[in-house]
Structure formats: structure tokens, C-alpha cells
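**Q** Pasting a structure below so you can have a look.
The values are calculated or read from the model by the stated rules, or taken from the named source; none is laboratory data. Being a predicted model, the structure only gives us computed values, none of them experimental. Glycine also receives a Cβ, built like all others from the backbone with ideal geometry; neighbour counts cover every protein chain displayed. Protein only, heavy atoms only, side chains kept; ligands, DNA and RNA dropped before computing areas. Shrake-Rupley method; radii C 1.70, N 1.55, O 1.52, S 1.80 Å.
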Amino acid sequence: MVDIGTLSLILLLGMFALLAIGMPLGFASAFLAVVTLVLKFDVDILFRTFGQGPLSVLGQAVYRQMTNYVLISVPLFIFMAALLERSGIARDMYSSLNVWLSRTRGGIAFVTSIMAVIMAAMSGIIGGEVVLLGLIALPQMLRLGYNQNLAIGTICASGSLGTMIPPSIVLIFYGLVTETSIKALFTASFLPGFMLASFFIIYIIIRTQLNPSLAPLPPDDPDDPKGKEKGLLFLGFLARFGMWVTAVLILRALFFTVTSANIVTEGVDPIFLGMVSDLPWLIGAFVLFAVVVFVIVGRERTAIGWEMGKGLIAPTVVIGVVLGSIYGGITGITEAAGMGVVAVFVIGALRREMSFDIVWDSLIRTLKSTGTIIWVTIGAAALAAAYTLAGGPTYVANLIVGAEMPTMGVILVMMFIFLIMGMFMDWVGIVLLIMPVFLPIVVRLPAEEIGFLGHVDARYVPIWFGVVFCMNMQVSFLSPPFGPAAFYLKSVAPPEISLTDIFKGFLPFIAIQLIALAILLIWPPIVTLFL
């Protein structure tokens, strides 16, 4: 038998060695799980009675992980992202955003960031976002003379926002592994996710204003609306869309009223915007939007604005279906993912863009991506179970706590480990391997000592740590030498753009991500504000 300290060192060096020679993470983890049991336990104990002993614990851990119902949402979200990428929904969204911001300095970069936020809120799949933005936005920015580093950094940094903005696959896996409420994780990550996105946009604004040559304005088109006229067109578009939304909400509230589904009952949460008391407000909003359309803007101008901005409608509907069903209490995470797939499919079919080839290709890509994630999950779950069985978490916990570091010192050490591991390992492996060791330590720390400005309620510590971990993984998507965003973009970038060029464009955005991470560590209440 090997002592746990020596075994931990063997596992650490073995993981890096196996990854260095090119062994897939799932197989490397599974191999090291067997090595752990062989070194820690007598071989005879492992194989003496089939179905019992340490080997059966591994099997149970893998089975428990693979039969978790929420795991079904992962392939569904991947499938939805693949359908969005192949259909024209994202392309039309980009065109509509570009109409309103094309004459703004750095406007194409703004459009790219906003499009990334919307796409993140639709599917939460990072690879698909970076590839799609690389196909749509990169040629446009390079054609208009945008600085190459700015264009590359904007696409990859914004495209990785799916890590933070719900429905994030990273948050789903974290919730599965740590048995934390995924809905609470989604709620907590909203503000930090949009904060990071706003940091990217503010950086683009400041940098392009200080150096206009980085983002030249496109040639002036005399037919394009300008100034006040463009503002009125946009107001007309928003008002018409508001009329449609409020009309649907009024009909919904009336339906609940007729069926007596919105009767006030003690102990039952009221239906959001579906109660009788909500009807006057909804009707008032509908009348206000109608006044804007028919009196202030005018029907003809509103119709023009609608044509210019209608590419934003389909993405809004998809976001409303996915997040609305979750936060409206209609469905869980898995069902919402399925509803999102149906929404994208129906919208694509109505637009006559959903062919058999698109669906088949999306299914094949979903199968490949899900297969990779599943194998990593199996291997990492086995290794985590074997290491736990060998007493690893207790050893690491005693090692860290025994160092007698202050609470934030322990947290910062963990952040450093996440950053280093994120440079070499996929986030799935980090969640499954590291989180079962680190989270129990964090939960044992004094909650009032977490942060420097304000503190976290003890019951929200796992949620706060999950959001901080996701912000850390944001950095890993851009970190050399294995930053996956770089390889996603390289697959669709012009051949003259090298991987070195891509990583060079990341540097300012990595700094921004680290600033956002520091804010979450310094001021933890920003995570728990809406909980």
C-alpha cells in the first residue's frame, strides 16, 4: 500500500504525463482510477468478489453520474446550438444589430459582443459561438480594416461568455457534481455574466475612441437613416414588439383568470404577470406602446423599423422559451432545453431553413460533442471516486487547513490552481476531479471571512464558489497553450492568421477577465444579490 501523499503526487504527475503524450482526458482519468485502487488496496481485494469492494464503488459512482436526469440537458443544448449555427437565425440577428450600430465607432465589435451575449442566453455552448462569430463577424471586421488583434479578441472573449451567462453547461455540470440548485446558480450568474460582457464593450469603446484607426467607420450610405430618424425607427420597432409581447401576456392572464388558475392561495407563489391584478398594468403598457406606434412614430415608419430589426425577434423568442420556462416555474432545466430545441426547430421550419441535411449534420455534431463529454465524465467520475475511497479529499483538506492560511488565502490558492489547471485541462475534468475536493473545504471556511467588501451568507457559499469557478473557466478558454477558443477560431479563420496571432489578441481580454474575477472575490454580494 502506498500512502496518500505519495499517491497524490503520482496522480498529479501521471495526469500531466498522460495528457502530454496525447491521451484523451477521459481515458487518462479512468486509467489513473485503476492505478489508484491497485496502489492503495490489495489486488486480491479488488477482484476477490465481483460486484463488491472498491471496484463496485467506482461503478456506482459512474452509474450515478450517468443516470442523473439533468445530464440529458447537455446534448439538448448542444443540439440547439448546432441548429442555430446552421440556420440563418444568428446571421439575421447579426444583420439587424449591425443596422442600428454600423455608424458607431467600433460598431461591428459592439454588435459581435451583443450577439455573443444573446447566443449565450440561447444555448450556452462556447465552441459553437466562437465558430459562428468567426464565420460571420471576423470577415466583416477584417474587410472594414479593424485591427486584427481587436477583432480576434472580441470574437473569442465574447464567444466564451456562454460559460457565465445562463443556461451555462459549466454551471449545469457544477450543480450536478456538487448537488447545488442549478436554478440558483443561473440566477446568481446573471449579474457577473453581464458585468463581464459590459467590461468587454466598455474596453472596446474606450480603445476605439482613443485610437480610431483600430475601428474605421464603414463607407457612408446615403440611403441609411441617420440621427433622429434612426432613433424613431428603432423606437417604432421596440414599440411594435412591445405590443406583441403585452398582447400575449394579456391573453395569458385572461386564460388563467377564466380557468381560475390564478386565484390567490396561501403558500403558493403567484403566477408571474398572470394574476388579475397584473391585467391593468399589462393593458396600460399595451396602450402606451400603441400610442408610440400610431401617434408618435407612425405606422409607416414603424413598419420600416420592423423590417430593419425583425432579425432580433427569433432569438428573443428562443431566450424567452428557455429562460422563461425555467424562471416561470413551468419546467426544469432539462425540459427547458428540450423546449428550446423545439422552438429553434419550429422557427427554422417557418423560415423554410430547416432541411434534412441541417438536422442530420446537427445531430452528428451533437453526437460527437456529447460523446466526448460523456467519456470525460465517466473517466473523471471514476478517478474522483477512487481518490475519495483512498482518502484523498481528507488529505488535501488537512493539508490546506493545516497550512493555517487566512480564509481568503485558501481561496486565492484554489483560484491559482484552477487557473493553472485550466491552461492544460478541459473544464469538465476540472469540475469532476477538483470540485469534490475543494468545495467541502470552502464550505468549512468561516463564511463571514470570505471577501473583503461584504460577505456571503453561509447557505450561499456553494453557489458563490460555483460562479467564481465559472469566471475562472472564462480565463481558461483563452489561456495558452491549450485555450480552446483559439483552436475553435483557427478552424474558420483565414490561413494567414496563425495561432500565435490569435493568442496575442487575447491578452487584453484575459486581463479584463481577471479584473472581473477579482471583483467577485473582493465583493461576494454581487453574486448573491438576486438570491
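**Q** Of the conditions (1) in contact (Cβ under 8 Å) with a residue 24 or more places away in the chain; (2) open to solvent by 60 Å² or more (accessible area, probe 1.4 Å); (3) among the small types (Gly, Ala, Ser), Ala458 satisfies every one except a single condition; which number is it?
**A** (1)
**Q** Also, I was wondering about something else. Checking Val437 against (1) in a helix (DSSP H, G or I); (2) touching a helix residue (DSSP H, G or I) at 6+ places or on another chain (Cβ under 9 Å); (3) loosely packed, with under 14 Cβ neighbours inside 10 Å, which single condition isn't satisfied?
**A** (3)
**Q** It is to be established whether one or more residues within the stretch 301-308 are under 30 Å from Trp100 (Cα atoms), β-branched (Val, Ile, Thr) and part of a helix (DSSP H, G or I).
**A** Taking every residue of the stretch 301-308 in turn, at least one turns out to be under 30 Å from Trp100 (Cα atoms), β-branched (Val, Ile, Thr) and part of a helix (DSSP H, G or I).
**Q** Could I ask something else about it? Checking Ala486 against (1) surrounded by 19 or more Cβ atoms within 10 Å (Cβ to Cβ); (2) in contact (Cβ under 8 Å) with a residue 24 or more places away in the chain; (3) closer than 21 Å to Ala381 by Cα, which test does it fail?
**A** Evaluating Ala486 over (1) surrounded by 19 or more Cβ atoms within 10 Å (Cβ to Cβ); (2) in contact (Cβ under 8 Å) with a residue 24 or more places away in the chain; (3) closer than 21 Å to Ala381 by Cα leaves (3) as the failure.
**Q** Any residue at all in the stretch 173-181 that is of a type in the set (Asp, Glu), surrounded by fewer than 23 Cβ atoms within 10 Å (Cβ to Cβ) and more than 26 Å from the chain's Cα centre (by Cα)?
**A** No, the stretch 173-181 contains no residue that is of a type in the set (Asp, Glu), surrounded by fewer than 23 Cβ atoms within 10 Å (Cβ to Cβ) and more than 26 Å from the chain's Cα centre (by Cα).
**Q** Quick one: is Thr372 under 21 Å from the mean Cα position of the chain (by Cα) and surrounded by fewer than 19 Cβ atoms within 10 Å (Cβ to Cβ)?
**A** Criteria met by Thr372.
**Q** When you go through Leu254, Leu235, Leu273, Leu249 one by one, which is the residue that is over 19 Å from Ile313 (Cα atoms) and at pLDDT 85 or above?
**A** That would be Leu254, the only listed residue that is over 19 Å from Ile313 (Cα atoms) and at pLDDT 85 or above.
**Q** Would you mind stating whether Val431 is assigned to a helix (DSSP H, G or I), touching a helix residue (DSSP H, G or I) at 6+ places or on another chain (Cβ under 6 Å) and at pLDDT below 80?
**A** no
**Q** Next question, about the same structure. Evaluate the following for Val291: is it surrounded by fewer than 18 Cβ atoms within 10 Å (Cβ to Cβ), not in a loop (DSSP other than H, G, I, E, B) and not acidic (Asp, Glu)?
**A** yes
**Q** Still on this structure, I have one more. If you scan the stretch 415-428, which residues turn out to be open to solvent by 50 Å² or more (accessible area, probe 1.4 Å) and not in a helix (DSSP H, G or I)?
**A** Within the stretch 415-428, Met423, Phe424, Asp426 meet the criteria.
**Q** Continuing with this model, one more query. Restricting to the stretch 259-280, name every residue that is among the β-branched types (Val, Ile, Thr), surrounded by fewer than 10 Cβ atoms within 10 Å (Cβ to Cβ) and closer than 17 Å to Thr331 by Cα.
**A** Val268
**Q** Same structure again: Only one of these conditions is not met by Ile497: (1) open to solvent by 20 Å² or more (accessible area, probe 1.4 Å); (2) in a loop (DSSP other than H, G, I, E, B). Which number is it?
**A** If we test Ile497 against (1) open to solvent by 20 Å² or more (accessible area, probe 1.4 Å); (2) in a loop (DSSP other than H, G, I, E, B), just (1) comes out false.
**Q** If you check Ala390 against the conditions, is it buried (at least 17 other Cβ atoms within 10 Å of the Cβ) and within 28 Å of the chain's Cα centre (by Cα)?
**A** Against the criterion (buried (at least 17 other Cβ atoms within 10 Å of the Cβ) and within 28 Å of the chain's Cα centre (by Cα)), Ala390 does not qualify.
**Q** Cβ-Cβ under 6 Å, sequence separation 6+ or interchain: first residue in the stretch 433-452 and without any contact (Cβ under 8 Å) to a residue 60 or more places away in the chain, partner part of a loop (DSSP other than H, G, I, E, B). Which pairs?
**A** Pairs found: Ala447/Val456; Glu448/His455.
**Q** Can you find, within the stretch 84-100, the residue that is most open to solvent (accessible area, probe 1.4 Å) among those that are out of contact with any Gly (no Cβ under 6 Å at 6 or more places or on another chain) and farther than 21 Å from Leu232 by Cα?
**A** Arg91
**Q** Could you please find all residues in the stretch 101-139 being open to solvent by less than 10 Å² (accessible area, probe 1.4 Å) and either touching a His at 6+ places or on another chain (Cβ under 6 Å) or not in a helix (DSSP H, G or I) (or both)?
**A** Within the stretch 101-139, Gly106, Ser123, Gly124 meet the criteria.
**Q** Tally the residues that are free of Cβ contacts under 8 Å to residues at least 12 places away in the same chain and in a helix (DSSP H, G or I), restricting the search to the stretch 330-341.
**A** Residues flagged as free of Cβ contacts under 8 Å to residues at least 12 places away in the same chain and in a helix (DSSP H, G or I) within the stretch 330-341 amount to 1.
**Q** So Leu412 ticks every box in (1) open to solvent by 30 Å² or more (accessible area, probe 1.4 Å); (2) aliphatic (A, V, I, L, M); (3) free of Cβ contacts under 8 Å to residues at least 24 places away in the same chain; (4) assigned to a helix (DSSP H, G or I) but one. Which box is left unticked?
**A** (3)
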